[in-house]
1. Can you tell me the relative contact order of the range 206-334? Whole percent, Cα pairs under 8 Å, sequence separation 6 or more.
2. Search the structure for amide H atoms under 5 Å from the amide H of residue 192, placed 1.01 Å from N in the peptide plane, and list their residues when 5 or more places away or on another chain.
3. Considering amide H positions built from the backbone, and no H for Pro or chain starts, which residues 5 or more places from residue 62, or on another chain, come under 5 Å of its amide H?
4. Cross-link partners among lysines for residue 45, C-alpha distance below 24 Å, same-chain residues fewer than 8 apart left out?
5. Could you compute the net charge surrounding residue 191? Neighbours are other residues with a C-beta less than 12 Å from the C-beta of residue 191; K and R count +1, D and E count -1.
6. Between the range 216-239 and the range 200-215, what is the separation of their alpha carbon centroids in Å?
7. For the chain, set up a GNM with springs between Cα atoms under 10 Å and report which of 346, 276, 230 has the largest fluctuation.
8. I'm spelling it out carefully: the read-out is volume of the Cα convex hull per residue in Å³, the candidates are (i) 124; (ii) 141; (iii) 167, and one was derived from this structure. Which label?
Amino acid sequence: MAVSSSFWNGKKVLITGHTGFKGSWLTLWLHHMGAEVTGYALEPKGEPNLFTEAGVGDICLSVTGDVRNRGHLLETMLTAEPDIVIHMAAQPLVQYSYEYPVETFEVNVMGTVNVLEAVRQASELNGKLRAVLNVTTDKCYENQEWVWGYREHDRLGGYDPYSNSKACSEMVTAAYRSSYFNPDTYPAPLPVVATARAGNVIGGGDWSDNRIVPDCVRALTGDDPLMLRNPAAIRPWQHVLEPLSGYLQLVQSMVTHGNTYGGAWNFGPNEDNERNVEWLVREMGRLWGKDNFYQVDTEAAPHEALNLKLDSAKAKRHLGWSPRWDTLTGLKYTVEWYQAYQRHENMRQACVDQIEAYMAAI
C-alpha cells in the first residue's frame with residue numbers, strides 16, 4: 001500500500017506538535033493531499049523555523065496550546081472532531097533533556113497521557129475517531145550496542161531522560177490501548193491505537209540546536225567550524241519524508257483494516273544506508289561545495305549511544321512500506337532545500353516540490 005491522496009482527501013486530522021520540524025512537513029503533505037488539518041502545539045521555537053518559513057499556519061487551523069494542559073487539549077479535540085489523531089508534540093532533544101529532565105518527562109510522558117485521555121473522552125462522546133498514532137523514537141529501546149537492528153518486541157529502556165521518557169510514552173500508550181481501546185472488552189466503534197518508532201531524520205527546515213544537519217548548515221554558512229562530538233556514532237539517518245510516509249501508510253491500514261494494525265511499528269532505513277556521523281558531515285560538505293568546515297571535539301560529552309539500528313521488517317511485510325531514498329539522496333534534497341532558502345525562494349513550494357518528488361518514487 002502506498003500513500004494514497006484519495007484516502008486522505010477530506011479526512012479531518014488533528015496533529016499535536018504541528019509547529020515542529022516533522023509536524024510542519026506532515027501538515028504540508030496532508031494539506032497537499034486534501035486533508036483538513038487542525039494543529040495543536042506551542043508557538044514555533046526559535047528563528048528561523050520551518051513552520052514560519054513555509055507558511056504552515058496559513059494552510060491549517062493552528063491552535064496554540066501545551067499538551068500538558070489536558071482541559072484545553074480536550075476542548076480542541078472536541079471542536080475539531082478529527083477522524084485521525086497523530087501525536088507528535090514532544091521535547092525531542094537528548095542534550096536538552098540532560099539540562100531539563102523534569103520538563104522532558106512532563107511533556108513526553110504526561111503529554112502522552114493527556115492526549116490519550118482526551119482521545120478516550122472524545123471517543124465516548126462522538127465515536128468519530130478511527131485511528132490514533134503516537135510518534136516516539138528509535139531511542140525508546142534499551143540500547144545494547146547491538147550490530148543488528150532493534151525489533152518491535154525488544155525491551156524498552158533509555159539511558160538519558162529523553163530516551164527514557166519516550167520508552168515511558170510507549171508504555172503509556174500500550175496501557176491505554178489494552179485498558180480503554182481493546183475491542184475484546186469494549187464495543188465498537190473504537191479508534192485503533194499504534195506507536196511509530198523512527199530513526200534520525202534529516203531534511204530542509206530543521207534549525208534545532210544540537211542536531212547534526214542544522215549544526216552543519218550553521219557552520220557551512222558561518223565562520224565558526226562545526227565541532228563533532230561523536231564522529232564514529234552510527235545512526236539510522238533518513239530523510240524526513242521516509243518515516244512520514246510510513247506513518248501515513250500505517251494510519252491508512254489502521255482505518256481500513258482495523259485493530260490488526262495496532263501496536264508498535266519501526267520505520268528505519270535499509271541497513272546498507274546506516275552511516276556514522278562523520279560520513280554524513282563529510283558528504284554534506286561535499287554536496288554544499290565546502291570542505292574543512294568541521295573539527296572533532298575531544299572534550300567529554302554526555303552519554304549517547306554509539307550504535308543504533310532499526311529492523312523495519314514488520315512494516316515492509318505488513319504495510320508494503322520501504323525506504324525510497326537512500327541516505328545520500330536524502331542528504332542531496334536536504335542541501336538543495338537549505339541552498340534554496342539561502343536564495344530566498346518560496347519555501348512552501350520547495351517543500352511541496354520535494355513531497356511530489358518523493359511520492360513519484362513510491
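1. 40
2. Amide H neighbours of residue 192, under 5 Å, 5+ apart: 131, 132.
3. For residue 62, whose amide H was placed from the backbone, the distant partners under 5 Å are 39.
4. Partners found: 22, 139, 166.
5. Around residue 191, the charge tally is +2.
6. 9
7. 346
8. (i)
The values are calculated or read from the model by the stated rules, or taken from the named source; none is laboratory data. Computed from a predicted model, the values in this text were never measured in an experiment. Cβ: placed from backbone, ideal geometry, glycine included. Neighbour counts: every protein chain shown. Each accessible area value is taken on the protein alone, full model and side chains, heavy atoms only, with ligands, DNA and RNA left out. Shrake-Rupley method; radii C 1.70, N 1.55, O 1.52, S 1.80 Å.
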